[in-house]
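Input: a single structure, listed below in structure tokens.
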Amino acid sequence: MPYPFDMTIKPHVSPFFDEATNTISYVVSEPDGDHCAIIDSVLDIDYAAGRLTYDSADALIAEVERRSLKLDWIIETHVHADHLSAAPYIQEKLGGKIGVGEKITVVQDTFGKIFNAGTEFQRDGSQFDALFKEGDTYQIGNMQAFVIATPGHTPACMVHVIGDACFVGDTLFMPDGGSARADFPGGDAGTLYDSIQKVLALPDDMRLFMCHDYGPNGRDIKWETTVAEEKAHNIHVGHGKTRDEFIKFRTERDATLDMPRLIIPSLQVNMRAGEVPRDQDGNEMLKVPLNKL
Ligand SMILES: [Fe+2]
């Protein structure tokens with residue numbers, strides 16, 4: 001089924017870079033209206049101290065309020081393993097619906113077991129307001145957005161396309177950064193390659209916005225490129241690299257990578273749509289499962 005492109009719609013995109021996790025969050029708004037979405041917000045954590053703070057989320061909220069925007073959607077491109085989502089905190093202040101890919105149920109099942117979450121943890125995605133499947137559309141004011149299912153990094157990964165702006169989540173990085181890892185539970189390098197091809201099949205001048213950038217080789221942090229640039233220059237999938245070449249490279253590379261610093265708190269919070277789990281007495285509490293990841 002062809003995707004419902006409209007490259008004539010050019011949304012306003014405000015990026016917010018989080019230095020602690022190298023995540024880029026976005027406020028995406030109508031070019032000539034006042035509706036917006038927030039994509040991949042960050043909740044700040046001092047993991048050593050077990051302390052949550054809200055500076056990153058407050059910066060997004062301040063942007064929405066300063067411009068008198070109406071927040072329709074709070075989008076998670078996937079269940080992040082390297083930062084916590086601030087979706088419920090933002091929803092409480094600004095409203096909006098929290099959306100994620102329908103395969104969240106697979107992620108919840110996998111990590112529900114690893115964290116021994118108990119029967120009170122529903123594995124049906126009901127913590128979210130909307131579960132997207134391949135090709136679904138939704139509205140941000142008068143702008144139509146659509147989703148492309150892009151599993152591989154995780155089963156629930158979705159790329160969101162809004163006019164001529166595409167939010168790639170953890171599929172691609174900037175051309176000199178390559179691609180996301182595919183070795184988390186439920187990840188698969190071949191599946192990631194196939195998903196990346198869907199992104200590279202978008203129009204050449206589609207603007208691509210990254211979820212992460214690490215400034216490889218000492219360059220300044222960047223988050224925006226185009227489909228044409230990725231096809232020509234991406235170090236992992238550009239120059240027409242084959243599926244087999246990618247699988248071999250990605251698998252060997254992933255075997256050398258450490259787990260992300262915040263994977264333990266991130267998964268427990270993000271699989272609950274950003275809600276912090278509680279113990280039997282109602283205290284906010286995280287677990288550390290040993291020798292499971
Ligand atoms: Fe990720």
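The values are calculated or read from the model by the stated rules, or taken from the named source; none is laboratory data. Owing to the predicted nature of the structure, the values given are computational and were not obtained by experimental measurement. So basically every Cβ, Gly included, is an ideal-geometry build from the backbone, and we count neighbours across all protein chains shown.
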*asked:* Can you report the number of residues in the range 144-160 which are surrounded by fewer than 24 Cβ atoms within 10 Å (Cβ to Cβ), among the polar types (S, T, N, Q) and either within 12 Å of the ligand (Cβ to nearest atom) or closer than 18 Å to N270 by Cα (or both)?
replied: 0
*Report, by residue number, each residue of the range 187-210 that is within 14 Å of the ligand (Cβ to nearest atom) and not in a helix (DSSP H, G or I).*
G187, M210
*What tally of residues in the range 211-239 results from selecting those that are within 24 Å of M7 (Cβ to Cβ) and either in contact with a Cys (Cβ under 8 Å, 6 or more places away or on another chain) or away from the ligand (no atom under 16 Å from the Cβ) (or both)?*
14
*Of G33, G95, G50, G99, which residue is crowded, with 21+ Cβ neighbours inside 10 Å and at pLDDT 95 or above?*
G99
*Is it fair to say T77 is surrounded by fewer than 14 Cβ atoms within 10 Å (Cβ to Cβ) and either farther than 28 Å from M285 by Cα or of a type outside the set (A, V, I, L, M) (or both)?*
no
*If M285 passes every condition in (1) farther than 22 Å from C157 by Cβ; (2) of a type in the set (A, V, I, L, M); (3) surrounded by 14 or more Cβ atoms within 10 Å (Cβ to Cβ) but one, which one does it miss?*
(3)
*Candidate set from the range 61-85 (those that are in contact (Cβ under 8 Å) with a residue 40 or more places away in the chain and closer than 25 Å to P31 by Cα); member that is farthest from the ligand (Cβ to nearest atom)*: K70
*Every residue from the range 262-293 that is within 17 Å of the chain's Cα centre (by Cα), assigned to a loop (DSSP other than H, G, I, E, B) and more than 18 Å from Y54 (Cβ to Cβ)*: M271
*Please find, within the range 102-112, the residue that is farthest from the ligand (Cβ to nearest atom) out of those that are among the charged types (D, E, K, R) and buried (at least 19 other Cβ atoms within 10 Å of the Cβ).*
E102
_Out of D183, D244, sole residue that is assigned to a helix (DSSP H, G or I) and charged (D, E, K, R)_ = D244
*asked:* So the check is Cβ under 6 Å with 6+ separation or different chains; which pairs have a first residue in the range 270-290 that's acidic (D, E) and a second one that's buried (at least 16 other Cβ atoms within 10 Å of the Cβ) and assigned to a loop (DSSP other than H, G, I, E, B)?
replied: E284/V276
*Going by the conditions given, is D188 touching a residue at least 12 places away in the same chain (Cβ under 8 Å), closer than 30 Å to P277 by Cα and surrounded by 13 or more Cβ atoms within 10 Å (Cβ to Cβ)?*
yes
*Out of curiosity, is G177 part of a helix (DSSP H, G or I) and away from the ligand (no atom under 12 Å from the Cβ)?*
no
*Filter the range 236-261 down to residues that are acidic (D, E) and under 23 Å from the mean Cα position of the chain (by Cα) and give me whichever is modelled with the lowest pLDDT.*
D258
